[in-house]
Amino acid sequence: MLFHLTNPNTSPAPNTTTMTHKPTVVTCGLPYTNGLCHLGHLRTYIPGDFYVRYLRWLGDDIVFVCGSDNHGTPIIVTAETEHTTPRAVSEYFHAHFDEVFKDMGINFDRFGMTDDPTTHHRTTTIIESLIEKDYIYEKTIQQSYCPSCKRFLPDRYVEGICPYCGKHARGDECDQGCGRHLEPGEILNSVCTTCGTQAELREQKHYYFKLSKFRDYLLEYLPTLDGTINARNYAIGWVENELKDWCITRMMDWGVAFPGKDAKGLVTYVWVDAPIGYIAFTEEWANTTGNSWQKYWCNGDRVHFIGSDIIYHHCVFLPAMLHGAGYQPPSAVVASGMVTIDGQKFSKSRGYVIWTKEDYLDKGLPADYLRYYLLAYTNHTRELDFSWKEFQARINNELVNTFGNFANRSMMLVKTKLREVPEVAVKQEILDEITKTLCLVEKLVRTFEFKAAIDEILLLAGYGNSYISNTAPWKMIKEDPYAAAQVLKNCLQIVKASALLIHPAMPKSAQKLWEMLGYTDKIEDHPIGDALVPFENKTLGEVRPLFARIDDEQREDLEATLARRAVETQNKTTGKDTMEAEIDPFLENIVTIDDVAKLDLRVGLVIKAERVPKTEKLLRLQVDIGKEVRQIISGIALNYTPEEMIGKKIVVIVNLKPTKFRGEESNGMLFAAGEHAASLLIPLRDVVPGTRVH
Ligand SMILES: [Zn+2]
Ligand SMILES: [Zn+2]
């Protein structure tokens, strides 16, 4: 032993807080099972997970639940396109999210599905209770109907113009304009998204929730709602200006069957059952662990992490519904700002997207780096811009140069200059500095100031870095080995506290550091007070660099993937999520204007049409193309009858090499959009047959 302790330090391990906190259920907005996990999702889940881990470290009783949102029309549309069932689509994406969350270190106690029986049951129970209390009424409304598909068009089956702002909108949401929720029948100039036919309005019976009755309740409740101010203020404004009753049924067979009398064929609107999933997932967790879900939902606190695009669903619809049915409303709603990529609005359809699995995890990048970026970049309610350049700068400057450097320097000096950890007591001023950080960070985490909390933790490492630089123990060791040992022991205490403080943000890196410090157990099993327990290990573990630099070559490679995707996606006509992220072949098939000019496209008039015998799909058409009449065999018999075709003016390619279908000569080809529900391309204004198409 080189050094003996001179002044045993008996610093207590106080809790930084004396307040007791209620049992709390923390939830994150449910990912919709119609697409893959991207960076925009993580903006909600990573801070949620950090919050839960930190509060658990403080000793709070927390259950952390989430699940996938499985109902609604987009999933049915995908199922139709993929020739499968909505349940299968949901299970596919559910498994994907489950895997990605685990890989990102997001540890839900329960990650359920809203299509599972628990959510069905809880939704039915809540609606029955609302019916019983006379909060639900029946109303016949004008609803969009497609005369061609012969069906009603709920939500995403219809597109048109927003009646509030005049922008292009989807059936239930003005997603490109004012962002308003749209009620059935509200959208103007509605068009069927499946076949493009102008929709008609037809009467349909629906059920409404008397949301307007909850105005006084909401205006009293909302000012007491904790969380981020953006959520509270937005909701208050909405209740004051826009509150009206809410249609909570849809005519389709995918969803939670509506329990009202005479409600055959109606399911509850997806925004009713999705947040009720939070309760159901808590029930599922409680059932498998022998706990009580009522402890959290009838008492306790409920904290909801969401994206700021779904504030009114959580601050208006949900509390009114829960209050009406006799449950406790949210205690806090924490709404994150949106994500931009390279300063561009996050957009799947325009290719400004970072897929968590394909673009990040599959490239071998550590989950902790992205967790750090999302927490440390900006205030939780502000817009977060992601770029690989900024990512590289943050990791290299903050994690490698500050945090990692301080930890490695301290431990390496102990290893190389002292061989053993000195038994000298840690100085009080160091423990005071750690106590100050613990108090500040707790306050910041509890008030959802995650960036500021991370900054404080980094400041402690920065303090350590300055301390070791100013004292220069590597020089001191020759003249005053005791003083050098004191400095290094102090540094080890700061490293230990930093590891404990950062573990809710970067669990894997913190564990790695913990083992370098010579511990063999799990860092997350240590309570907060351990940050102040004097460093007790006699020897350190193997010391390696904690973080790896992101070099320029790696960054350029990541940037190239993003740039390629943006170009590819912008060439695509559709922005829909597909079952698998596909690589677009367009780039490899670029044509020039000269190539296009080779095609002789003309307007043709169908003068005769008949089925090709013994075929399902083929029509034999006689088409007047001006100078002559051509026979064209076309595979559109499933979509158009011969009678419908006669008299139609269509676009025909007339210099195509003649070919034969089922023995029938075909001398030209016509154009239609889509495959399964092909829509014929026809000129909008009347033109004579034979007119060239440019
Ligand atoms: Zn249609
Ligand atoms: Zn609008």
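The values are calculated or read from the model by the stated rules, or taken from the named source; none is laboratory data. Owing to the predicted nature of the structure, the values given are computational and were not obtained by experimental measurement. Cβ atoms come from the backbone with ideal geometry, glycine included; neighbour counts cover every protein chain shown.
For residues that are in a strand (DSSP E or B) and within 16 Å of ligand 2 (Cβ to nearest atom), scanning just segment 177-192, find the one that is nearest to residue 309 (Cα to Cα). Here the residue is 181.
How about segment 156-169: which of its residues are within 14 Å of ligand 1 (Cβ to nearest atom) and of a type outside the set (Lys, Arg)? Break it down stepwise before answering.
Going through segment 156-169, the residues within 14 Å of ligand 1 (Cβ to nearest atom) turn out to be 156-160.
Hits for segment 156-169 are 157, 158, 159, 160.
Which of (1) surrounded by 24 or more Cβ atoms within 10 Å (Cβ to Cβ); (2) at positive phi is the odd one out, the single condition residue 351 does not satisfy? Checking residue 351 against (1) surrounded by 24 or more Cβ atoms within 10 Å (Cβ to Cβ); (2) at positive phi, the one that fails is (1).
If you check residue 400 against the conditions, is it touching a residue at least 24 places away in the same chain (Cβ under 8 Å) and not in a helix (DSSP H, G or I)?
Values: touching a residue at least 24 places away in the same chain (Cβ under 8 Å): yes; not in a helix (DSSP H, G or I): no.
For residue 400, the condition - touching a residue at least 24 places away in the same chain (Cβ under 8 Å) and not in a helix (DSSP H, G or I) - is not met.
Filtering segment 193-206 to residues that are touching a residue at least 40 places away in the same chain (Cβ under 8 Å) and in a strand (DSSP E or B) leaves 200, 201, 202, 203, 204, 205, 206. Checked against the criterion of being modelled with pLDDT of 90 or more, assigned to a strand (DSSP E or B), away from ligand 2 (no atom under 16 Å from the Cβ) and not aromatic (Phe, Trp, Tyr), segment 207-220 contains not a single residue that satisfies it.
Can residue 195 be described as over 22 Å from residue 141 (Cα atoms), more than 29 Å from the chain's Cα centre (by Cα) and either more than 16 Å from ligand 2 (Cβ to nearest atom) or in the same structural domain as residue 248 (by TED's automatic domain parsing) (or both)? Steps first, answer last, please.
Working: over 22 Å from residue 141 (Cα atoms): yes; more than 29 Å from the chain's Cα centre (by Cα): yes; either more than 16 Å from ligand 2 (Cβ to nearest atom) or in the same structural domain as residue 248 (by TED's automatic domain parsing) (or both): yes.
Yes: the conditions hold for residue 195.
Looking only at segment 138-148, which residues are out of contact with any Leu (no Cβ under 6 Å at 6 or more places or on another chain), modelled with pLDDT of 90 or more and within 24 Å of residue 248 (Cβ to Cβ)? 138, 139, 140, 141, 145 - these are the residues of segment 138-148 that are out of contact with any Leu (no Cβ under 6 Å at 6 or more places or on another chain), modelled with pLDDT of 90 or more and within 24 Å of residue 248 (Cβ to Cβ).
Every residue, every condition in (1) farther than 28 Å from residue 315 by Cα; (2) of a type outside the set (D, E, K, R), yes or no:
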residue	(1), (2)
336	no, yes
339	no, yes
344	yes, yes
354	yes, yes
359	yes, no
362	yes, no
369	yes, yes
376	no, yes
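Selection of segment 256-277 for residues being within 31 Å of the chain's Cα centre (by Cα), in a loop (DSSP other than H, G, I, E, B) and among the hydrophobic types (A, V, I, L, M, F, W, C) yields 256, 258.
Scanning segment 608-652 for residues that are among the acidic types (Asp, Glu) and either surrounded by fewer than 16 Cβ atoms within 10 Å (Cβ to Cβ) or at positive phi (or both) returns 610, 616, 628, 643, 644.
Conditions tested, residue by residue: (1) crowded, with 18+ Cβ neighbours inside 10 Å; (2) out of contact with any Pro (no Cβ under 7 Å at 6 or more places or on another chain).
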residue	(1), (2)
404	yes, no
407	yes, yes
413	yes, no
436	no, yes
440	yes, yes
443	no, yes
474	no, yes
484	yes, no
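A Cβ distance below 8 Å, combined with a sequence gap of six or more or placement on separate chains, defines the contacts here; from segment 154-176, residues that are not assigned by TED's automatic domain parsing to the domain that holds residue 207 reach no residue that is more than 16 Å from ligand 1 (Cβ to nearest atom) and outside any loop (DSSP other than H, G, I, E, B).
Regarding segment 141-152, can at least one residue be identified that is more than 16 Å from ligand 2 (Cβ to nearest atom), touching a His at 6+ places or on another chain (Cβ under 7 Å) and in a strand (DSSP E or B)? Taking every residue of segment 141-152 in turn, at least one turns out to be more than 16 Å from ligand 2 (Cβ to nearest atom), touching a His at 6+ places or on another chain (Cβ under 7 Å) and in a strand (DSSP E or B). Can you name every residue in segment 361-387 that is touching a residue at least 24 places away in the same chain (Cβ under 8 Å), more than 15 Å from the chain's Cα centre (by Cα) and part of a helix (DSSP H, G or I)? Of everything in segment 361-387, those that are touching a residue at least 24 places away in the same chain (Cβ under 8 Å), more than 15 Å from the chain's Cα centre (by Cα) and part of a helix (DSSP H, G or I) turn out to be 361, 363, 367, 368, 369, 372, 375, 376.
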